[in-house]
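What follows is a set of notes on a single structure, which appears directly below.
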Amino acid sequence: MRRAPARLVLLGTGGTIAATAGHANELTDYRVTEDVDAMLAAVPGAQALGAIRCEQIFNIDSRQFTTAGVLRLARRIRALLRDPEIDGLVVTHGTDTLEETAFLLHLTIRHPKPVVLVGAMRPGSALSADGPLNLYNALLVARDPRSRDCGILVAMNDRILAARHATKGHTTRVDAFGAEGPGVLGWISDGAVRIVQRPILPPAAPFPLTGLRKLPRVDILYDHQDAGDHLYQAAIDAGVEGIVVAGLGNGSLSPAALRGCARARRRGIQCIRASRVPYGEVTVKASDDEDGILASRGLNPQQARTLLRLALARGLDTTAIGAALREL
Ligand code: ASP
């Protein structure tokens, strides 16, 4: 019998959504055991959503993601989006670094078709596992024409988030992912997809994947009271090309962080000051130019790191990186 052409592709990369534990009450100690076909088979009603083709890219905890892995995933997504037989994609992913992959895809891929990242906070074996409903909802979002032209999306715990703003804000609760106001594009309610706002996206991805084989090393250093500058020296010695400081408040830097960044700048290493505070913009200061340090503007440290890696890979200078930060 001829199968109907696949209109959706479900890409599996692992994470808690693909994990099981020894018993139903174990919510946090688990291992990745399920492949993407098994996960889809466990979702009641998925057969009614049309043809869905599964592809296992890898099956890992997201703390194990490498740059090579994320670029491989991105290239596969780009190829599938170009296939006229495919209407949309869902990517299962561990939640710990989901936002990093989502933001890299946001910066490198622009296509009208929906790409929806999804994960789970509880393993499939758990009491009240959230994976099956999250996956079902993500598939609904990916096949809904209203999700087109919204950029890269994250569907978690009934909400539809823009990858640009999605961030994990809780260690264990199923409502772990949030986004500041503009990042919540809609929700899924009893099987109905509701998109109530659309992001403003530049027509082309700022850092297309073409020719991108590797990314330079950029470290994030966390600032705090009475910090030392030894970690800056260690980063310099390790050969980083960029440093992002998870700074204090509005991206202010301790004396040691300022010293560390000055030392890095003298060696041509680009520095960005972001903030360890989860929400709000890091605003530009008059002294930034003099210090040669950029404000992360609306990006959190992990997003600023992703942007800086892509920008350095493309050979952007401080002025151009500053302009890219202003646009995001
Ligand atoms: N450890 C898991 C991961 O990121 C957490 C999760 O998926 O919720 O792969």
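The values are calculated or read from the model by the stated rules, or taken from the named source; none is laboratory data. Remember, predicted model here, so these are calculated numbers, not experimental data. Counting neighbours? That spans all protein chains shown, and the Cβs are built from the backbone with ideal geometry, glycine included. Note: areas computed on protein heavy atoms with side chains; ligands, DNA, RNA excluded. Shrake-Rupley method; radii C 1.70, N 1.55, O 1.52, S 1.80 Å.
Assigning unit charges at the beta carbon (Lys, Arg +1; Asp, Glu -1) and nothing else, what dipole magnitude in debye, to the nearest 20, does segment 186-240 show about its Cα centre?
Numbers: 5 positive and 6 negative charges, 117 e Å.
I would put it at about 560 debye.
Can you give me the convex hull volume of the Cα atoms of segment 87-218, divided per residue and expressed in Å³?
Output value, Cα hull per residue: 122 Å³.
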request  = Compute, for LYS168, the solvent-accessible surface of its heavy atoms (probe 1.4 Å) with the complete set of protein chains present, and express it in square angstrom to the nearest 10.
outcome  = 50
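Indicate the gyration tensor shape class of segment 152-284 (rounded, prolate or oblate), computed on the Cα atoms with a ≥ b ≥ c the square roots of the eigenvalues: a/c under 1.5 is rounded; otherwise a/b larger than b/c is prolate and the rest oblate. List each step's numbers first, then the result.
Working: a/c = 2.64, a/b = 1.79, b/c = 1.47.
Note, shape of segment 152-284 comes out prolate.
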request  = Based on the mean of other Cβ atoms within 10 Å per residue, sort peptides 14-25, 176-187 so the most packed one is first.
outcome  = 14-25, 176-187
ask   = Once the Cα gyration tensor of segment 99-148 is diagonalised, what are the square roots of 5 times its eigenvalues, in whole Å and ordered largest first, as equivalent ellipsoid semi-axes?
value = 24, 15, 5
query = Where a ≥ b ≥ c are the square roots of the eigenvalues of the C-alpha gyration tensor, would you call segment 237-323 rounded, which needs a/c under 1.5, or, failing that, prolate if a/b is larger than b/c, or oblate?
reply = rounded
note = In degrees rounded to 10, the 0-90 angle between helix 255-266 Cα long axis and the longest Cα principal axis of the chain is 90
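Could you tell me which of rounded, prolate or oblate describes segment 28-148, using a ≥ b ≥ c as the square roots of the eigenvalues of the alpha-carbon gyration tensor, with rounded for a/c under 1.5 and, failing that, prolate when a/b is larger than b/c and oblate otherwise?
Cα axes put segment 28-148 in the oblate bin.
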remark   = Taking Cα pairs closer than 8 Å and at least 6 residues apart, the relative contact order of segment 222-328 in percent is 24
request  = May I ask for the distance between the Cα centers of segment 12-78 and segment 257-311, given as a whole number of Å?
outcome  = 34
inquiry  = Rolling a 1.4 Å sphere over the protein heavy atoms, what is the accessible area per residue of the chain, to the nearest Å²?
reply    = 46
message = So in the chain, which Cys have no other cysteine's beta-carbon sitting under 4.7 angstrom from theirs?
response = CYS54, CYS150
key: Helix-only [θ]222 nm of the chain, DSSP H runs n ≥ 4, -39500 (n - 2.57) each, per residue, nearest 500   = -8500 deg cm²/dmol
inquiry  = Could you report the accessible area of LEU11 in Å², rounded to 10, computed with a 1.4 Å probe on the protein chains as they sit in the structure?
reply    = 0
query = At what distance in nm do the modelled label points of SER287 and LEU49 sit from each other, each positioned 7 Å from its Cα along Cα→Cβ?
reply = 5.1
request  = Whenever you get a sec, compute what percent of the accessible area on the chain sits on carbon and sulfur atoms (1.4 Å probe).
outcome  = 50
message = With only alpha-carbon pairs counted, each pair once and no self-pairs, how large is the Kirkwood hydrodynamic radius of the chain in angstroms?
response = 20.5
